[in-house]
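Have a look at the structure below, then the notes.
The values are calculated or read from the model by the stated rules, or taken from the named source; none is laboratory data. Here the structure is a predicted model, which means the values were calculated and not measured. Here the Cβ positions follow ideal geometry from the backbone for every residue, glycine too, while neighbour counts run over all protein chains shown.
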Amino acid sequence: MKIGTCVHLNSLEEMPQKFETLKRNGFDSCQLLAWKPELWTHENAAQLAEWLSQYGITVSAFWCGWEGPAVWDFYDGQITLGLVPPEYRQMRVETLCAGADFAKQLGISDVVTHMGFIPENPNDPNFNGFCVAVRTVAQHLKDNGQYLLFETGQETPVTMLRCFEKVGMDNLGVNLDTANLILYGRANPVDALDVFGRYVRNIHAKDGFYPTNGHDLGQEVRLGDGKVDFRALFTKLRELGYDSYVTIEREIDGAQQDEDVLYAKAFLENMINEVYGG
C-alpha cells in the first residue's frame, strides 16, 4: 500500500518547492490536481517529468478539472458540476481529453474527475446524453492506454455502477473518496465497496460528517475524527485484493492542513499495518 497526498498544479514555478516538501515529509507519491489547461503544455510536461525524477516522486493519478462554473452544494451543484449540465458538456469533454493527453506525456495512466450529479433515474432524458459524453472521453483515454476514474460523492454507488454498465467501456474505474460519500449524504464508503469495489483504482483518504441541512455538504474533518470507519474500510479493501495507492486529501489551507496531513499519514500507516500486516 502506497500512501501519498494531493499536490495542486497552480503554477509551474512553485512545483519544485511542493515536491521538496512532499519528499521531506516522507511521501514518494501524489495525485497531481490540475484545473488550469493553459499549463498543460509539452514544455511544462517535460519540466515536471524532470522534477518528479529528481525528487523520486510517482504520480499515481492526474486529477483533471474542467472549465466553467463549479458550485459545491446540493442546489447550484446540480447545474454546474461535471459532464452532467448539457451547456458545458462539450467544452468539458474537450478539456478532459486535453488533460489526459498532458497526463500521458507524464506517463500517468489514471485520470480522475468529478462527473457531477449523475441522474439517479435511468429514464431521465439527460442520462443518455451524459453517458455518451463519458464514452467519448473514455474512448480517448483508451486510445492513450489510460483509465478514466470517477471520484465518488455526487452520485449514489448504484448510479455510478449503472453509468459504467451503460457506457460499456473497460477502462472505467473509481477514485474512492472515503469522506465524499458521507459529505454528500450518498452512502457509507465501506458498504459502497459491495457495489463498486472491483472498480477502485485509487483512494482519497478523507473524513467527515453527514449533511445537517438540505443545501450544504457535510463538514470535512481531520482523518479519524469523522464518520469513516477506516478499520472496516481497509479490511474490506484487503478482502477485495486492493494494494495500491492511498492519497491523503485535507481540504483546508495553511499550517493546519500540513499538520493534519502528517497526522493522517501516521494514522494510515498504523491502520494499514494492523489490517494488512506490517
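Numbers below:
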read-out: From S60, S53, residue being more than 18 Å from V134 (Cβ to Cβ), modelled with pLDDT of 95 or more and crowded, with 19+ Cβ neighbours inside 10 Å; value: S60
read-out: So L181, is it of a type in the set (A, V, I, L, M, F, W, C) and surrounded by 24 or more Cβ atoms within 10 Å (Cβ to Cβ); value: yes
read-out: Test set (1) under 19 Å from the mean Cα position of the chain (by Cα); (2) part of a helix (DSSP H, G or I) - D170 fails condition number; value: (2)
read-out: Scan of the stretch 41-79 for residues that are touching a Gly at 6+ places or on another chain (Cβ under 7 Å) and farther than 20 Å from E13 by Cβ, ordered by number; value: S60, C64, V71, F74
read-out: Residue match in the stretch 221-240 (condition: polar (S, T, N, Q), out of contact with any Lys or Arg (no Cβ under 7 Å at 6 or more places or on another chain) and crowded, with 23+ Cβ neighbours inside 10 Å); value: no
read-out: In the stretch 108-125, residue farthest from P157 (Cα to Cα) [restricted to those that are surrounded by fewer than 22 Cβ atoms within 10 Å (Cβ to Cβ) and charged (D, E, K, R)]; value: D124
read-out: Matching residues in the stretch 237-261 - criterion: being of a type in the set (A, V, I, L, M, F, W, C) and in contact with a strand residue (DSSP E or B) (Cβ under 9 Å, 6 or more places away or on another chain); value: L237, L240, V246, I248, I252, V261
read-out: Options Y263, Y245; residue that is of a type outside the set (K, R), within 17 Å of the chain's Cα centre (by Cα) and surrounded by 15 or more Cβ atoms within 10 Å (Cβ to Cβ); value: Y245
read-out: Residues that are free of Cβ contacts under 8 Å to residues at least 12 places away in the same chain and part of a loop (DSSP other than H, G, I, E, B), drawn from the stretch 225-251; value: G241
read-out: Matching residues in the stretch 118-147 - criterion: being of a type in the set (A, V, I, L, M), in a helix (DSSP H, G or I) and touching a residue at least 12 places away in the same chain (Cβ under 8 Å); value: A133, V134, V137, A138, L141
read-out: Yes/no for Q105 being over 24 Å from S60 (Cβ atoms), surrounded by fewer than 18 Cβ atoms within 10 Å (Cβ to Cβ), at pLDDT 95 or above and of a type in the set (S, T, N, Q); value: no
read-out: Among (1) outside any helix (DSSP H, G or I); (2) farther than 27 Å from I272 by Cα; (3) not β-branched (V, I, T) - the single one G153 does not satisfy; value: (2)
